[in-house]
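One structure, pasted below without further comment.
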Amino acid sequence: MTDALGTPIQGVTLYSFTRAFHAREYDLEGLIRKVAAEGYGPGLEIIGFSSFRGFPAVDDAYAGWFRDLVAETGLVTTSLAVNADIGIHRDRLLTQDELIEYMTLQIKAAAKLGFPIARVQISITPDSMEALAPIAEAHGVTLALEVHADQYASHPRILALRDRYEQVGSPFLGFTMDWGATVSGFAPSLLEAYRRRGASDELLAKVVDLWNTFYEQGPPADQAEHGQRFGAFIGLAAQNGRPDLGIDFGINGTGLFGPARVDDWLEIMPWIRHVHGKFFGIDETGEEPSVPVRDLIALLVEQGYSGAISSEYEGWHWNHWESPFEIIAGEQAVQRSAAQAAGSRMITDAAEARAILDAHLAQPVRG
Amino acid sequence: MIPDRIIEQGTLTTDGARSAVEVRLPWYRALPGSCIAGAKLSIDGVEAPAESLRWQMNGREFGFDELVDETGEWWFPTDSAVLVGDLPLEPGDAEHQVDVDLKLFIPYIIIGDGETLHIEEHDRKTMKAGQR
């Protein structure tokens with residue numbers, strides 16, 4: 001990292017529009033054209049197994065069609081989100097060799113489709129990341145392992161990866177920062193969704209109190225503590241006559257709303273190669289009420305981060321009553337405003353974004 | 001998760017002895033057949049015998065025991081599969097309550113010691129039965 005302020009690149013992941021794509025309101029081409037036309041880019045992130053039929057197999061004609069579409073619409077491919085499906089066989093997990101082969105196919109797909117980053121997930125161990133480094137390098141694809149709740153930057157599993165990255169010394173190994181690890185409140189739009197499912201205000205107040213207690217305590221030290229917290233949400237639902245909501249409270253309360261503090265990201269900041277601007281809604285004042293978007297942008301700018309931020313709207317799981325498109329536009333406005341307040345700006349021009357992303361990814365860690 | 005879309009409205013069909021409904025993946029990304037761990041189909045509260053159930057996807061038909069090792073065929077998020085089973089029904093204007101339960105493995109989420117996360121989702125819709 002340098003002393004210069006960062007200029008993050010604005011963008012979006014198509015995951016934000018899951019309900020619209022799933023409902024066949026937009027096909028992939030239609031969605032990409034809408035992203036470009038309405039200014040959610042220039043950064044474009046796509047989940048391989050969500051959007052590309054037959055993934056990770058990508059033939060030349062399809063790759064050509066896709067690259068032409070991205071070029072025509074003036075977008076910049078940032079991250080291809082790939083999956084480590086180590087539980088794909090019913091009776092056993094993938095062996096290390098099988099996993100490397102499984103991931104290699106997806107890394108090749110990223111390169112072929114023009115994505116400079118492949119977002120990988122926590123189920124990949126330090127040994128596997130080390131083994132994948134030369135493959136990533138050979139294809140010019142940076143592997144950015146996502147730090148997602150219930151993990152967080154200073155979690156032992158993440159620090160073990162960071163330490164291995166440092167030993168390996170490859171500029172093609174890094175992290176994706178997911179803002180869901182550093183949430184500051186239980187999302188109000190999810191409370192509204194529970195209200196619409198008949199949950200009482202009294203129960204919801206207890207849910208908020210429980211989450212706030214965990215926030216005060218900070219993130220769970222390990223998986224055992226995570227499990228205890230999950231269980232506490234289930235118990236709360238059962239004690240208040242809504243056992244049917246318990247698992248939902250637990251999944252969201254621990255797996256989406258991570259209670260680490262924003263400065264926890266400093267533990268891995270030099271290795272952050274990509275960002276998921278995870279958020280859940282925009283309130284009547286135009287702000288994100290449960291994700292400290294302004295603080296997160298200020299941190300990235302101050303730390304000299306000039307990679308992409310994919311706005312990742314997760315409220316679609318429960319918010320069936322509002323359009324995701326306006327909500328995402330609202331969150332990106334907050335990002336731009338926060339970058340300006342921090343003395344910098346978000347990059348919204350495609351040519352500038354391409355140049356900045358190239359420089360960001362070529363930069364060796366601690367260079 | 002998108003459990004409210006599992007059953008495709010208006011797709012119930014019957015030949016009198018076997019009945020079928022189109023189902024959608026309640027998840028954001030494609031899953032292989034090996035992750036489709038089971039389903040139940042009930043019409044008007046009567047459940048189709050498990051051994052009679054078949055799963056049609058990508059132009060092929062599977063029993064659930066055949067899906068266990070199926071990593072070549074994938075259920076894409078915008079595709080409908082067809083769940084069919086032994087359930088006597090008369091086509092016509094009568095409304096029928098259709099219930100579908102789905103059990104899916106999420107292959108990238110490992111919980112605990114080598115155990116893959118599974119989700120169980122349910123949907124209920126009411127519709128007429130067409131001729132199959």
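Which numbered condition trips up A:GLU225, out of (1) without any contact (Cβ under 8 Å) to a residue 24 or more places away in the chain; (2) more than 24 Å from the chain's Cα centre (by Cα)?
Unmet condition: (2).
From the list B:THR116, B:THR126, which residue is more than 14 Å from chain A (Cβ to nearest Cβ), of a type in the set (S, T, N, Q) and closer than 23 Å to B:PRO3 by Cα?
B:THR126
Oh, and also: Could you grab me the full set of residues in region A:48-73 that are crowded, with 17+ Cβ neighbours inside 10 Å and away from every other protein chain (no Cβ under 13 Å)?
A:VAL58, A:PHE66, A:VAL70, A:THR73
Sticking with this one: Could you identify the single residue in A:ALA57, A:ALA23, A:ALA71, A:ALA84 that is under 19 Å from the mean Cα position of the chain (by Cα) and free of Cβ contacts under 8 Å to residues at least 60 places away in the same chain?
Only one candidate qualifies: A:ALA84.
If a residue must be within 13 Å of chain B (Cβ to nearest Cβ) and either in a helix (DSSP H, G or I) or of a type outside the set (A, V, I, L, M) (or both), how many such residues does region A:87-100 contain?
Final tally of qualifying residues: 8.
So, one more: When you check A:ILE268 against the structure, is it closer than 29 Å to A:LEU161 by Cα, among the hydrophobic types (A, V, I, L, M, F, W, C) and buried (at least 19 other Cβ atoms within 10 Å of the Cβ), yes or no?
When the stated conditions are applied, A:ILE268 passes them.
Collect the residues in region B:87-113 that are on the phi < 0 side of the Ramachandran plot, outside any loop (DSSP other than H, G, I, E, B) and away from chain A (no Cβ under 14 Å), keeping them in residue-number order.
Matches in region B:87-113: B:ASP93, B:ALA94, B:GLU95, B:HIS96, B:GLN97, B:VAL98, B:ASP99, B:VAL100, B:ASP101, B:LEU102.
Six or more apart or on different chains, Cβ under 9 Å: which pairs go from a residue in region B:56-73 that's under 11 Å from B:CYS35 (Cα atoms) to one that's among the β-branched types (Val, Ile, Thr)? Could you list them?
B:PHE64/B:ILE36; B:LEU67/B:ILE36; B:GLU70/B:ILE36; B:THR71/A:ILE88
Now for a separate question. Just need a number here: residues in region B:68-86 that are at the interface with chain A (Cβ under 9 Å from one of its Cβ atoms) and either in a loop (DSSP other than H, G, I, E, B) or under 27 Å from B:ASP15 (Cα atoms) (or both).
Selection size over region B:68-86: 7.
Is region B:58-67 home to any residue that is in a strand (DSSP E or B), away from chain A (no Cβ under 14 Å) and surrounded by fewer than 17 Cβ atoms within 10 Å (Cβ to Cβ)?
Taking every residue of region B:58-67 in turn, at least one turns out to be in a strand (DSSP E or B), away from chain A (no Cβ under 14 Å) and surrounded by fewer than 17 Cβ atoms within 10 Å (Cβ to Cβ).
Let me ask another. Given the structure, is A:SER16 within 14 Å of chain B (Cβ to nearest Cβ), more than 22 Å from A:GLY330 (Cβ to Cβ) and part of a helix (DSSP H, G or I)?
no
Just to be sure before I move on: is A:GLY43 small (Gly, Ala, Ser) and under 20 Å from the mean Cα position of the chain (by Cα) in the structure I sent?
yes
How many residues does region B:8-48 contain that are crowded, with 20+ Cβ neighbours inside 10 Å, in a strand (DSSP E or B) and away from chain A (no Cβ under 14 Å)?
Going through region B:8-48 one residue at a time, the tally reaches 7.
Of everything in region A:301-336 that's polar (S, T, N, Q) and in contact (Cβ under 8 Å) with a residue 12 or more places away in the chain, which residue is nearest to A:ASN252 (Cα to Cα)?
Filtering region A:301-336 for residues that are polar (S, T, N, Q) and in contact (Cβ under 8 Å) with a residue 12 or more places away in the chain, the one nearest to A:ASN252 (Cα to Cα) comes out as A:ASN319.
Can I ask one more? Tell me which residues, restricted to region A:199-211, are in contact (Cβ under 8 Å) with a residue 24 or more places away in the chain and of a type outside the set (D, E, K, R).
A:ALA199, A:SER200, A:LEU203, A:VAL207, A:LEU210, A:TRP211
Can you go through A:THR18, A:THR77, A:THR7 and tell me which one is β-branched (Val, Ile, Thr) and more than 20 Å from A:ALA308 (Cα to Cα)?
After ruling out the rest, the residue left standing is A:THR18.
Quick one: A:GLY235 ticks every box in (1) over 21 Å from the mean Cα position of the chain (by Cα); (2) small (Gly, Ala, Ser); (3) in the same structural domain as A:ARG345 (by TED's automatic domain parsing) except a single one, so which number is it?
A:GLY235 satisfies all of (1) over 21 Å from the mean Cα position of the chain (by Cα); (2) small (Gly, Ala, Ser); (3) in the same structural domain as A:ARG345 (by TED's automatic domain parsing) except (3).
Would you check which residues across region A:19-47 are assigned to a helix (DSSP H, G or I) and either surrounded by 23 or more Cβ atoms within 10 Å (Cβ to Cβ) or more than 9 Å from chain B (Cβ to nearest Cβ) (or both) and list them?
Hits for region A:19-47 are A:ALA20, A:LEU28, A:GLU29, A:GLY30, A:LEU31, A:ILE32, A:ARG33, A:LYS34, A:VAL35, A:ALA36, A:ALA37.
Turning to a different aspect of this structure: If A:THR78 passes every condition in (1) away from chain B (no Cβ under 14 Å); (2) of a type in the set (Ser, Thr, Tyr); (3) closer than 28 Å to B:ARG24 by Cα but one, which one does it miss?
Every listed condition holds for A:THR78 apart from (3).
The values are calculated or read from the model by the stated rules, or taken from the named source; none is laboratory data. Note that this is a predicted model, so its numbers are computed, not measured. Counting neighbours? That spans all protein chains shown, and the Cβs are built from the backbone with ideal geometry, glycine included.
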